[in-house]
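Structure first, commentary second.
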Amino acid sequence: MARSRPATPRPFGMADKVGYMFGDFGNDFTFLLSSSFMLKYYTDIMDISPGLVGTLMMLARFLDAFTDVTMGQIVDRSHPTRNGKFRPWIRRMCGPVAVSSFLIYQSGFAGAPYPFRVFWMFFTYLLWGSFFYTAINIPYGSMASAISPQPRDRADLSTWRTVGSTLAGLVIGVGVPLAAYVTVDGNPVMSGSRMTAIAGVFSVLAVVCHLLCFHLVRERVEVPANREKLDIPKMLRSLATNRALLGIIAAAILLLLAMLSMQGMAGYVFPNFYRSTRAQSVASLTGSLAVLVICAPLATRLAERFGKKELSAVSCLFGALVYLVCLLLRPENAYVYVAFYTLAFVGLGFFNTVIWAMITDVIDDAEVRSGVREDGAIYSVYSFARKLGQGFSSGMVGGLLTVIGYTEATQFDPAVTEGIFRISCIVPIVGLTCVGLVLLFLYPLDRRRVAENAAELAHRREAKN
């Protein structure tokens with residue numbers, strides 16, 4: 001029986017933007033919980049050394065070299081249905097990704113033998129990140145180019161996606177420090193049972209957000225199944241010669257190193273150096289509000305006027321400068337550090353707001369050059385790069401904490417806490433500076449070239465019709 005043709009979707013509008021926002025809201029209920037608190041949870045609750053936790057998180061990301069690209073190929077080769085090509089995956093995988101995230105934070109195993117605790121951490125982290133999160137995130141990210149062919153609409157989707165992740169960051173960053181810690185001998189200490197309960201609540205909320213995304217978003221650009229025979233050497237050569245993709249990959253890895261190190265180290269610099277989890281919540285609140293109030297409303301307009309590449313490079317260099325001043329001044333007051341954190345978050349926030357639109361620019365550029373559209377393949381490679389950034393960040397932070405002697409017993413030692421402060425500044429300085437330089441000198445898709453590619457693809461679609 002022939003497949004029935006889907007009805008003509010309504011015009012692109014607010015429902016798509018809000019729905020796409022809920023998609024990343026759902027993603028980040030598990031992703032940000034992992035990137036911001038998993039290292040702290042496994043060092044303080046499960047009593048595993050930070051170096052080992054960081055190493056395992058980093059090694060897990062190399063498995064994604066296979067799972068991300070495999071999922072990208074599965075998506076590219078799948079046929080559109082009446083619900084579109086990408087949307088069905090969101091409904092299929094929202095349950096498994098939520099359950100696997102919850103399994104990571106099972107504090108009941110804190111008294112289990114050490115080898116089992118290490119096994120449980122590695123097994124559940126792989127199950128969540130390398131399989132189920134990949135299976136929902138690759139289709140979700142690839143879907144943006146199918147929602148609308150217009151560059152401005154895609155920039156709006158990128159902005160609303162950032163709004164979703166920022167709202168998730170607001171809930172997680174503000175709520176978890178206030179709810180997950182108890183006071184022991186005058187010091188804030190994470191509670192394992194509270195973290196388990198928090199993870200359960202966030203998993204339920206993730207499912208709700210993903211289902212809202214599925215029901216609100218519509219696909220308007222038909223992306224046919226890729227019928228070409230898979231030629232891995234050819235695909236790798238194509239990707240290796242794609243300067244735009246290489247540039248955005250390098251920038252994404254460095255951005256994640258900077259951003260996730262900021263968020264991860266917040267779990268140490270505030271409770272250990274400043275002895276204030278309340279200030280940690282305030283930093284998450286002000287950082288998130290700054291993105292919502294400053295970056296989200298201005299990003300699309302500034303990118304349209306100056307170019308996404310140009311805006312992102314300048315804003316990241318600004319963020320590096322802010323942390324350099326913070327390192328030199330070494331503020332004693334926790335809320336002065338919060339101010340620096342917030343300003344730096346505005347710097348990286350502009351790039352983080354438009355980066356998803358930049359990926360669709362890369363996909364368009366590849367189609368102009370090769371004549372083949374590979375949304376899933378390109379997005380999967382980019383997603384793998386982001387996971388490398390996540391893994392490298394965890395590995396680097398865990399290794400640096402081990403170098404300065406951080407353990408459950410030494411977490412409030414003055415020499416250790418001083419090292420925590422320095423790490424919290426130096427890593428973002430280096431990371432954000434490198435992001436700016438990569439965008440300026442390696443990534444080629446400036447404002448003019450993006451406009452030319454959009455016009456060329458519009459002309460080709462008109463010719464087909």
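What residues have an amide H closer than 5 Å to that of TYR181, excluding those fewer than 5 places away on the same chain, when H is modeled at 1.01 Å from N in the peptide plane?
Counting only residues 5 or more places away or on other chains, the set is SER191.
Given Cα pairs under 8 Å that are at least 6 residues apart, what percent is the relative contact order of the range 1-126? Present the calculation step by step, with values, prior to reporting the outcome.
Numbers: 50 pairs, mean separation 40.7, N = 126.
Rounded, it is 32 percent for the range 1-126.
For ARG77, ARG117, give the ranking by accessible area with the largest first, probe 1.4 Å. Don't skip to the end; give the middle numbers.
Details: ARG77 80, ARG117 30 Å².
Result of the area sort, largest leading: ARG77, ARG117.
With every protein chain kept in the model, how would you rank ARG330, ARG278 by accessible area, 1.4 Å probe, largest at the top? It would help to have the intermediate numbers written out before the result.
Working: ARG330 75, ARG278 155 Å².
Of ARG330, ARG278, the descending order of accessible area is ARG278, ARG330.
Tell me the accessible surface of VAL381 in square angstrom (1.4 angstrom probe, heavy atoms of protein chains only), to the nearest ten.
For VAL381, solvent-accessible area is about 20 Å².
Any idea what Rg and Dmax come out to for the range 339-432 if you just take the C-alpha atoms, in Å?
When restricted to the Cα atoms of the range 339-432, Rg and Dmax are 18.8, 60 Å.
How far is it, in nm, from the label point at VAL221 to the one at GLU304 when both lie 7 Å from their Cα along the line to the Cβ?
Each label point lies 7 Å from its Cα, and together they span 1.8 nm.
Beyond 27 Å between alpha-carbons counts as too far, so tell me which of LYS309/LYS387; LYS308/LYS464; LYS40/LYS387; LYS40/LYS85 fall in that bin.
Numbers: LYS309/LYS387 22 Å; LYS308/LYS464 30 Å; LYS40/LYS387 19 Å; LYS40/LYS85 38 Å.
Listed pairs above 27 Å: LYS308/LYS464; LYS40/LYS85.
Wrap a convex hull around the Cα atoms of the range 143-199, take a quarter of its surface area, and give that in square nanometres. Let's see the in-between values first.
Numbers: hull surface 20.8 nm².
Result: a mean projected hull area of 5.2 nm².
Roughly speaking, what is the centre-to-centre gap between the range 281-356 and the range 62-97 when only Cα atoms are used, to the nearest Å?
Between the Cα centre of the range 281-356 and that of the range 62-97, the gap is 32 Å.
Give the accessible area for LEU285 in Å² (nearest 10); use a 1.4 Å probe, count only protein heavy atoms, and leave out ligands, DNA and RNA.
So the heavy atoms of LEU285 present about 70 Å² to solvent.
Calculate the spin-label point distance for VAL207 paired with PHE441, positioning each point 7 Å from the Cα along the beta-carbon direction, and give it in nanometres.
That separation, rounded to one decimal, is 5.0 nm.
Principal axes first, then extents: for the Cα atoms of the range 172-226, list largest minus smallest coordinate on each axis, whole Å, largest first.
Extents along the principal axes, in whole Å: 62, 19, 18.
Rounded to a whole number, what % of the accessible area of the chain do carbon and sulfur atoms account for, probe 1.4 Å? Spell out each step's value before the answer.
On the way: 12020 of 18130 Å².
Answer for the chain: carbon and sulfur cover 66 percent of the accessible area.
Please calculate how many Å² of accessible area the range 237-289 carries per residue, with a 1.4 Å probe and no DNA, RNA or ligand atoms counted.
Numbers: 1500 Å² over 53 residues.
Ligands and nucleic acids excluded, the figure is 28 Å² per residue.
The values are calculated or read from the model by the stated rules, or taken from the named source; none is laboratory data. None of these values were measured; they are calculated from a predicted model. Every residue, glycine as well, gets a Cβ built from its backbone with ideal geometry; the counts of neighbours run over all protein chains shown. Side chains included, ligands, DNA and RNA excluded: accessible areas come from the protein's heavy atoms. Shrake-Rupley method; radii C 1.70, N 1.55, O 1.52, S 1.80 Å.
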